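Trainee: Okay, here's the structure, questions in a sec.
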Amino acid sequence: MIEDLIIDGVFVSPFLVALVLAAVAARPVGLLLNRLGLYRLVWNPGVFDAALFFLLYAGFCCLMVPDILDIYLTRFLTEGIHAFLFSH
């Protein structure tokens, strides 16, 4: 079970915290990549920024809830792609 975080007496989902962290971290990472000149290699910077945000969000989710990767990876490997995508 995923435990909620308590911030000043308010129960907060760790996924919301990961979302805020990803939003805050995406900007400096994007600026760093731009400064290094890597945006010249990107066809569509907006799509690249969105993908960067989602990768950071997934990474922070895995850090905040370490069991989530184990649960989904185990289920995917044991039940297969169809059961993983289309089960309730």
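Nothing in this text is a laboratory measurement; each read-out follows from the coordinates by a stated rule. Model, not experiment: these values are computed from the prediction. No Cβ is skipped: glycine too gets one built from the backbone with ideal geometry, and neighbour counts run over all protein chains shown.
Trainee: Kindly rank 36-46, 59-69 from highest to lowest mean number of other beta carbons found within 10 Å of each residue. Write down the numbers at each step before the final one.
Mentor: Values: 36-46: 9.9, 59-69: 14.8.
Sorting 36-46, 59-69 by mean packing, highest first, produces 59-69, 36-46.
Trainee: What's the extension gain from residue 16 to residue 55 if we count 0.36 nm per residue and subtract their Cα-Cα distance?
Mentor: On the way: separation 39, 0.36 × 39 = 14.04 nm, distance 1.51 nm.
The span from residue 16 to residue 55 would gain 12.5 nm if fully extended.
Trainee: Here's another thing I want to ask about it. Helix 45-64: angle to the longest alpha-carbon principal axis of the chain, degrees 0 to 90, nearest 10?
Mentor: 40
Trainee: Right, here's the next one. Identify the residues of region 60-80 with backbone N under 18 Å of a label point that sits 7 angstrom from the Cα of residue 3 along the Cα-to-Cβ direction, or state none.
Mentor: Within reach of a label on residue 3: 61-71.
Trainee: Per DSSP H run of n ≥ 4, the term is -39500 (n - 2.57); total these for the chain, divide by its residue number, and report the mean residue ellipticity at 222 nm rounded to 500 deg cm²/dmol. Write out the running numbers ahead of the final one.
Mentor: Numbers: 3 runs with 63 residues, N = 88.
After summing the helix terms and dividing by residue count, I get -25000 deg cm²/dmol.
Trainee: Just one of (1) 16.6, 46; (2) 13.3, 39; (3) 13.2, 41 is Rg and Dmax of the Cα atoms in Å calculated from these coordinates, so which is it?
Mentor: Answer by label: (1).
Trainee: While we're here: By how many degrees, 0 to 90 and rounded to 10, does the Cα axis of helix 66-86 deviate from the longest principal axis of the chain?
Mentor: 80
Trainee: Ok, one more. Just want the ordering: 53, 86, from fewest to most Cβ atoms lying within 10 Å of their own Cβ.
Mentor: 86, 53
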